[in-house]
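The values are calculated or read from the model by the stated rules, or taken from the named source; none is laboratory data. Every value quoted in this text rests on a predicted model; they were computed, and no experiment measured them. All Cβ positions, even for glycine, are placed from backbone atoms using ideal geometry, and neighbour counts span all protein chains on display.
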Amino acid sequence: MAFDNELLEEENFAAMFAESEKKQETSRIVEGEIVEIQEDDNKALVGVGDKLEGILSLDEIRDENGELKFKTGDKIKVMQMGYYNERPKISYKKVLEQEKTIEFIDAHKEDFEDTVIEGVITKKNRGGYVVEADAVSFFMPRSLAAFKDTDDVVGRKIKAQVVKIDPEENSIIVSRRKLFNEERKKKKEIIDQLMAEDVVVEGTIKKITSYGMFVDVGGVDGLVHYNEISYKGPVNPSKLYNEGDVVTVKAISYDKDKRHLSLSIKAVLPDPWAEVESELDEGDTITVTVSNIENYGVFVDLGNDIEGFLHISEISWNKNVKNPADYLEVGQEIDVEVIEINSKTHKLRVSLKRLLPKPFDEFLKNYREGDVVTGTVTSLTDFGAFVRIDGVEGLLHNQDISWDKNTKAKDVLKSGEEVEVKIAKINSEDQKISLNRKTLLESPIDKFATTHKVNSVVKGTIRDIKDFGVFVSLEDGVDALIRDEDLAPLVKDELEVGQEIEAAIANIDTKRDRIRLSVKKLDYIKNQAMLEEINDNESHSLGDLIKDKFK
């Protein structure tokens with residue numbers, strides 16, 4: 001078998017290792033005596049018999065605090081490992097290692113095959129590597145290392161499995177490759193069990209990240225993505241769990257190429273959407289708890305691991321909601337209406353405003369066309385201003401701002417300002433309200449009518465010439481119209497904008513805010529006046545009167 005061949009190789013490597021360690025002659029443990037301690041040179045002279053003294057590094061006999069464990073005259077066991085410059089080469093540390101090794105062998109020689117050690121590579125030689133763990137030396141042949149041999153391998157921490165113990169040689173052989181193979185085999189068995197249908201297991205949370213949690217299930221790590229924690233959708237795992245917590249999970253997939261195991265917590269839980277789909281209908285009213293507030297809306301908890309979404313436009317009939325936090329707070333219980341259930345995407349939309357009285361309906365109860373009210377300017381546009389009256393907005397058009405046709409809302413109003421207006425029209429079908437401000441102001445034509453009457457003669461300036469007549473500007477910003485049929489004896493083609501013109505008032509219509517003038521009527525009045533003068537003065541002949549008129 002392949003593994004038997006590996007063991008043969010291990011024995012050969014072990015033999016080479018033992019041979020390389022012997023160097024000059026077989027190592028032996030002797031009892032020596034500390035003859036002298038030379039602190040400055042960090043060494044001690046130890047007598048080992050036959051009037052021979054070996055040199056021992058003081059680092060080998062210091063405790064954890066750096067204090068020497070022995071003093072001059074103390075007996076000490078050392079391992080003699082040949083000679084160096086005619087002095088015995090000795091080590092106290094090797095004695096401790098051998099003792100620990102013997103203890104390990106005695107404890108594991110009957111059942112070493114399942115023993116896994118974790119140690120540090122302290123040296124390497126032609127045959128393999130020396131690994132130290134808990135002061136015990138292990139040998140790992142190169143063929144069982146399962147890593148690339150590099151210069152920096154010494155000092156590396158590794159795990160390995162004991163594959164052979166030789167009590168006679170006091171040697172222990174370990175294999176990193178076998179440990180990997182065993183772990184891979186065990187992992188495959190666990191994954192095969194997990195991927196079986198409807199298998200639910202408990203696991204321990206090892207690490208929590210921003211995207212999920214790594215959970216240990218029987219020695220295999222799997223990822224519970226934050227989408228697989230709750231039916232609410234993505235959640236922050238650190239808010240719900242701590243490392244070390246035990247959770248119930250189910251395997252949902254395994255990527256053989258990447259060796260990634262995906263787990264799910266929510267797959268173990270009953271699907272609350274089944275209850276939603278069977279118990280709720282669009283239009284139902286339910287009580288929910290505000291769980292999270294964002295700028296664009298509010299998430300609400302139905303109490304069974306399902307969240308609904310309340311869009312900012314569904315919070316209030318007020319169209320100018322800027323921040324949902326101005327209306328609701330986390331933890332608040334509210335009644336909402338279900339407006340959409342999407343079984344495919346598991347989305348639930350709700351509305352708060354649909355359970356509130358409609359402002360327009362309340363408006364109709366309290367106001368009528370012709371009412372004079374005070375409202376607040378909410379916004380200004382190029383065509384007018386929007387004014388809020390008891391939660392309902394009406395439009396105040398530019399042409400209804402002032403009697404001055406050149407005045408616009410932006411010229412005389414500011415956002416947030418209170419303004420008195422008249423309700424001109426209520427369109428119940430389209431839910432639109434038209435407002436008027438100028439009717440509450442004194443009309444220039446009303447004022448004009450108090451000082452002028454029909455047939456009065458006025459002078460003005462031609463403002464505009466149209467196909468149907470001429471517009472004339474009179475005093476105090478009042479405009480009047482002279483129709484084409486009323487221009488005679490003047491010739492229209494000879495008239496110019498800015499030219500002064502005289503005419504008689506033909507009509508003043510204060511209700512329709514209109515004034516009509518007539519040159520023709522002025523000519524008639526003048527002729528009538530001249531005839532009356534002729535009739536009243538019998539002492540003059542008609543010819544004399546005419547001559548006097550044209551003097």
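The table that follows gives values for the structure above.
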{"item": "Within the stretch 18-131, strands (runs of 3 or more DSSP E) holding 3 or more residues that are among the small types (Gly, Ala, Ser)", "result": "none"}
{"item": "Filter result (of a type in the set (Phe, Trp, Tyr) and under 22 Å from the mean Cα position of the chain (by Cα)) within the stretch 205-226", "result": "Tyr211, Tyr226"}
{"item": "Selection count, the stretch 378-418, where residues are in a helix (DSSP H, G or I), in contact with a strand residue (DSSP E or B) (Cβ under 9 Å, 6 or more places away or on another chain) and surrounded by fewer than 13 Cβ atoms within 10 Å (Cβ to Cβ)", "result": "0"}
{"item": "Leading residue by the ranking (farthest from Ile525 (Cα to Cα)) among those in the stretch 457-472 that are surrounded by 13 or more Cβ atoms within 10 Å (Cβ to Cβ) and either modelled with pLDDT under 90 or hydrophobic (A, V, I, L, M, F, W, C) (or both)", "result": "Ile465"}
{"item": "Count of residues meeting criterion [at pLDDT below 90, part of a strand (DSSP E or B) and among the polar types (S, T, N, Q)] in the stretch 337-377", "result": "1"}
{"item": "Long-range neighbours under 6 Å by Cβ, at least six apart or interchain, first residue over 19 Å from Phe363 (Cβ atoms) within the stretch 390-410, second part of a loop (DSSP other than H, G, I, E, B) and aliphatic (A, V, I, L, M)", "result": "Thr407/Ile401; Ala409/Ile401"}
{"item": "Flag if Ser428 is touching a strand residue (DSSP E or B) at 6+ places or on another chain (Cβ under 6 Å) and surrounded by fewer than 18 Cβ atoms within 10 Å (Cβ to Cβ)", "result": "no"}
{"item": "In the stretch 314-326, the residues that are in a loop (DSSP other than H, G, I, E, B) and either under 11 Å from Leu356 (Cβ atoms) or aliphatic (A, V, I, L, M) (or both)", "result": "Ile315, Ser316, Trp317, Asn318, Val321"}
{"item": "Options Val276, Val247, Val330: the member that is under 23 Å from the mean Cα position of the chain (by Cα) and more than 30 Å from Gln431 (Cα to Cα)", "result": "Val330"}
{"item": "Members of the stretch 267-287 that are at pLDDT 90 or above and buried (at least 17 other Cβ atoms within 10 Å of the Cβ)", "result": "Ile286"}
{"item": "Search result, residues across the stretch 241-299 that are at positive phi and not in a strand (DSSP E or B)", "result": "Gly244, Arg259, Gly283"}
{"item": "Among the residues listed as Val288, Val321, the single one being touching a residue at least 24 places away in the same chain (Cβ under 8 Å) and not assigned by TED's automatic domain parsing to the domain that holds Phe386", "result": "Val288"}
{"item": "Number of the condition not met by Thr150 [criteria: (1) polar (S, T, N, Q); (2) farther than 30 Å from Glu31 by Cβ; (3) in contact with a strand residue (DSSP E or B) (Cβ under 9 Å, 6 or more places away or on another chain)]", "result": "(3)"}
{"item": "Flag for Gln24 being exposed (fewer than 12 other Cβ atoms within 10 Å of the Cβ), out of contact with any Pro (no Cβ under 8 Å at 6 or more places or on another chain) and either of a type in the set (Phe, Trp, Tyr) or modelled with pLDDT of 90 or more (or both)", "result": "no"}
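Yes or no, residue by residue, for (1) among the polar types (S, T, N, Q); (2) in contact with a helix residue (DSSP H, G or I) (Cβ under 7 Å, 6 or more places away or on another chain):
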position	(1), (2)
Asp404	no, yes
Lys410	no, no
Ser434	yes, no
Ala449	no, no
Asn455	yes, yes
Glu475	no, no
Asp479	no, no
